[in-house]
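Q: Sending over a structure as structure tokens; questions will come in a sec.
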Amino acid sequence: MKTPHAALSLEKFRESPQKEIKNFLKQLDDSAPATFIFLGSEEFIPELEKQLKEWKGVVCACTTCGEIVEGQYLRTHVVGLSFSSERIHCKSLIFELGGEDLNASEEFGKASVEIERFRADMLMNEPKTKFFATLVIDGMAIKEELFLNGFHKYVVDMPFLGGSAADNFEFKRSFIYDGAKFRTNIANVLVFSTSLPFKAFKTQDFDITDKRMVVTESEPGKRKISEIDGIPAADAYAEALGMPVSELNLKVFANNPLIVNYGGRNYIRSVLYTNKKKELAFACAMETGVVVRLGARVGKLVEGLKSELENVDFEIDTSLVFECSLRRHDILNAPESEKEALLDLFKEINAVGFHTYGEQFESVHINQTLTGLLIGHARTE
């Protein structure tokens, strides 16, 4: 599979917006079944909208808080990747996130019909084809859990992964391309059919400890927990860490997330802050009654990704990755040898992606995680 990719800095773009975006897009493949474009600045949007009007294939694009390409972590760049193969087919679905009850959304019903029709058509032409799906969703809409709860049942039998669009830590608005314009408060799902080998994965640098707690009062819509084990959430969290509440800070939160287990997999819930009410605010929602464990760093950022790659039985042509902005911070502050080793792995697997306000894997919205899709060709080809 051909995997053309490209990168353009904001500084270079400002010299000649029309020319530079034209050159950027020329490096990609407008006839490819799908092209991903990730923007580190809103400034790219007007010119991209103009020039993407003539694009032939599906485009999935969104704003970020960091970009990944050619073994590099970038900021304020636009990066792109095309899946160029006749053995890949793609269906794009756009969802409005404005409604309160996404589970009852008519859009989901329509989407299920379109997905089933797409699957039937693909299987008729190629009975051995397999499916996977990707998601980019407005990270400032704070509706990832609502969306996943309502939508995941339509892709439950295929790998499903993605990331929450960001805005360079401005926390004001993030944009997603709808096929004509960049808009807020939407989600874009791409459903793929392919006979090429692929693998979806997730890796994180945390594991559970023996500190077990139960969420006894929460506000999932606000992503806040007010009680854990029947006492103020901050008190319970600090007690589990063996420190006073007064010593809780951003570094403590980053190093000690809470972890939930669904279906035998561990998923990270990052603590953002506490307040005078001793509530804990999170980057993901948690329901009352959920059992959580205190997480601790394993110290194996490189080994986690390596182990995923060791289990691959095909030649990797490229990888699409969604990495938490908090994890980016961890890696950039890791020892130089560890940072270089990880970025070398990204280069080896031709990783292109972005830093997110949250990651999605199967039906779960998570944090401090790297999710990705490896795709390539059989070793005998």
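The values are calculated or read from the model by the stated rules, or taken from the named source; none is laboratory data. In this text the structure is predicted, and so the values were computed from the model without any measurement. Cβ atoms come from the backbone with ideal geometry, glycine included; neighbour counts cover every protein chain shown.
Q: Among the numbered conditions (1) among the aliphatic types (A, V, I, L, M); (2) within 23 Å of residue 210 (Cα to Cα); (3) at pLDDT 95 or above; (4) crowded, with 22+ Cβ neighbours inside 10 Å, tell me where residue 285 comes up short.
A: With respect to (1) among the aliphatic types (A, V, I, L, M); (2) within 23 Å of residue 210 (Cα to Cα); (3) at pLDDT 95 or above; (4) crowded, with 22+ Cβ neighbours inside 10 Å, residue 285 is out only on (3).
Q: For the range 77-101, how many residues meet the condition of being in contact with a Leu (Cβ under 8 Å, 6 or more places away or on another chain), under 14 Å from residue 31 (Cβ atoms) and assigned to a loop (DSSP other than H, G, I, E, B)?
A: Qualifying residue count for the region: 1.
Q: Do you know which residues across the range 278-317 are touching a Ser or Thr at 6+ places or on another chain (Cβ under 7 Å) and of a type in the set (D, E, K, R)?
A: Result: 279, 287, 293, 308, 317.
Q: Exactly one of these conditions fails for residue 246: (1) buried (at least 16 other Cβ atoms within 10 Å of the Cβ); (2) hydroxyl-bearing (Ser, Thr, Tyr); (3) out of contact with any strand residue (DSSP E or B) (no Cβ under 9 Å at 6 or more places or on another chain). Give me its number.
A: Status for residue 246: all satisfied but (1).
Q: Separate question: For the range 44-84, give me each residue that is of a type in the set (Asp, Glu) and under 23 Å from residue 358 (Cα atoms).
A: 67, 70
Q: Restricting attention to helices (runs of 4 or more DSSP H) lying wholly within the range 291-348, give those where 2 or more residues are in the same structural domain as residue 267 (by TED's automatic domain parsing) and among the β-branched types (Val, Ile, Thr).
A: It comes to none.
Q: A follow-up question, please. Looking at the range 175-243, what strands (runs of 3 or more DSSP E) fall wholly within it and have at least 3 residues that are surrounded by fewer than 19 Cβ atoms within 10 Å (Cβ to Cβ) and out of contact with any Phe, Trp or Tyr (no Cβ under 9 Å at 6 or more places or on another chain)?
A: 206-219
Q: Next question, about the same structure. Say we look at the range 249-274 and pick out the residues that are within 22 Å of residue 169 (Cβ to Cβ) and among the charged types (D, E, K, R); which of these is surrounded by the fewest Cβ atoms within 10 Å (Cβ to Cβ)?
A: 251
Q: Could I ask something else about it? Pairs only if they're at least six apart or on different chains, beta carbon under 7 angstrom, first in the range 121-133 and basic (Lys, Arg), second modelled with pLDDT of 95 or more; list them, first residue then second.
A: 128/195; 130/194
Q: Out of 252, 155, 245, I need the residue that is among the aliphatic types (A, V, I, L, M) and touching a helix residue (DSSP H, G or I) at 6+ places or on another chain (Cβ under 6 Å). Which one?
A: The conditions single out 245.
Q: Also: Can you pull out every residue in the range 1-46 that is charged (D, E, K, R), out of contact with any Lys or Arg (no Cβ under 9 Å at 6 or more places or on another chain) and more than 27 Å from residue 196 (Cβ to Cβ)?
A: The answer is 11, 12, 14, 15, 19, 22.
Q: Of the conditions (1) free of Cβ contacts under 8 Å to residues at least 60 places away in the same chain; (2) among the hydroxyl-bearing types (Ser, Thr, Tyr); (3) in a strand (DSSP E or B), residue 112 clears all except one; give me its number.
A: The one condition residue 112 does not meet is (3).
Q: Would a scan of the range 79-94 turn up a residue that is without any contact (Cβ under 8 Å) to a residue 40 or more places away in the chain and out of contact with any Lys or Arg (no Cβ under 6 Å at 6 or more places or on another chain)?
A: Yes.
Q: Of (1) part of a strand (DSSP E or B); (2) touching a helix residue (DSSP H, G or I) at 6+ places or on another chain (Cβ under 7 Å); (3) surrounded by 20 or more Cβ atoms within 10 Å (Cβ to Cβ), residue 147 satisfies all except one. Which?
A: (1)
Q: Pull up the range 349-372, narrow it to residues that are assigned to a strand (DSSP E or B) and among the β-branched types (Val, Ile, Thr), then point me to the one that is nearest to residue 317 (Cα to Cα).
A: Per the stated criteria, the residue is 352.
Q: Looking at the structure I just gave you, is residue 105 of a type in the set (Gly, Ala, Ser) and modelled with pLDDT of 90 or more?
A: no
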